[in-house]
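Novice: I have a structure I would like to understand better, so I am pasting it below and will then ask my questions one at a time.
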Amino acid sequence: MTRRVGYAAGAFDLFHIGHLNILKHAKSQCDYLIAGVVSDEMLRQVKGIDPVIPLAERLEIVRNIGFVDEAVAETVPDKLDTWRELQFDVFFKGDDWRGTEKGLRLEREFAAVGVEVVYFPYTMTTSSTTLRRALAALAG
């Protein structure tokens, strides 16, 4: 029997229950879970934000979550480039991407190389954006 390798990427900044839920759900659907922790540079480039927690510390936090078998820094914007390096079988994403142009493109590109895309419910009660706003309000 071949092992099913999963990949779940995120900033994992201000680690919260939503992050834990995604990793827990992902691990329940694969044998080996790789968590991609988006680098500081990629967060600035793609989302226009500076992380509160530096990459090295975010990697250490995620690496020590029981559901995660391996944590790697995600340093390229193209998920296919990441797949070429890691060779995962299933890609996990929050369902805020489902049905969007980005999500549909991702599904097409991954289908072409035999990777399944699995969406998980986005945890609405807690988000890094909400936490970031609360911290800014305290600081301001």
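The values are calculated or read from the model by the stated rules, or taken from the named source; none is laboratory data. These figures come from a predicted structure and were not determined experimentally. Note: ideal-geometry Cβ built from the backbone for every residue, glycine included; neighbour counts use all protein chains shown. Accessible surface is based on the protein model in full, side chains and every heavy atom, while ligands, DNA and RNA are left aside. Shrake-Rupley method; radii C 1.70, N 1.55, O 1.52, S 1.80 Å.
Novice: Measure off, as a whole percent, the carbon and sulfur share of the 1.4 Å-probe accessible area of segment 1-59, all protein chains present.
Specialist: After summing per-atom areas, the C and S share lands at 55 percent.
Novice: Please list, in order along segment 93-109, the HN-Hα scalar couplings obtained from phi with the Karplus expression 6.51 cos²θ - 1.76 cosθ + 1.60 (θ = phi - 60°), rounded to whole Hz, x for Gly and Pro.
Specialist: Once rounded to whole Hz, the list reads 8, x, 6, 5, 8, 4, x, 7, 4, 4, x, 5, 5, 4, 4, 5, 5.
Novice: Tell me, what is the per residue accessible area of the chain in Å², probe radius 1.4 Å?
Specialist: Per residue, the chain has an accessible area of 56 Å².
Novice: Now for a different question. To the nearest 0.05, how large is the calculated FRET efficiency for ARG3 and LEU104 if R₀ is 25 Å and r is the Cβ-Cβ distance?
Specialist: 0.30
Novice: Could you rank THR75, THR82, THR100, THR2 by how accessible they are, 1.4 Å probe, largest area first?
Specialist: Heavy-atom accessible area, descending, gives THR2, THR75, THR100, THR82.
Novice: Would you list, by chain and number, the aspartates and glutamates whose Cα falls below 20 Å from the Cα of LYS79, excluding same-chain residues fewer than 8 positions away?
Specialist: Partners within reach: ASP13, ASP40, GLU41, ASP69, GLU70, ASP89, ASP95, ASP96, GLU101, GLU107, GLU109, GLU116.
Novice: Scan around PHE120 for amide H atoms under 5 Å from its own, H built in the peptide plane at 1.01 Å from N, and keep only partners 5 or more places away or cross-chain.
Specialist: LYS93, GLY94, ASP95
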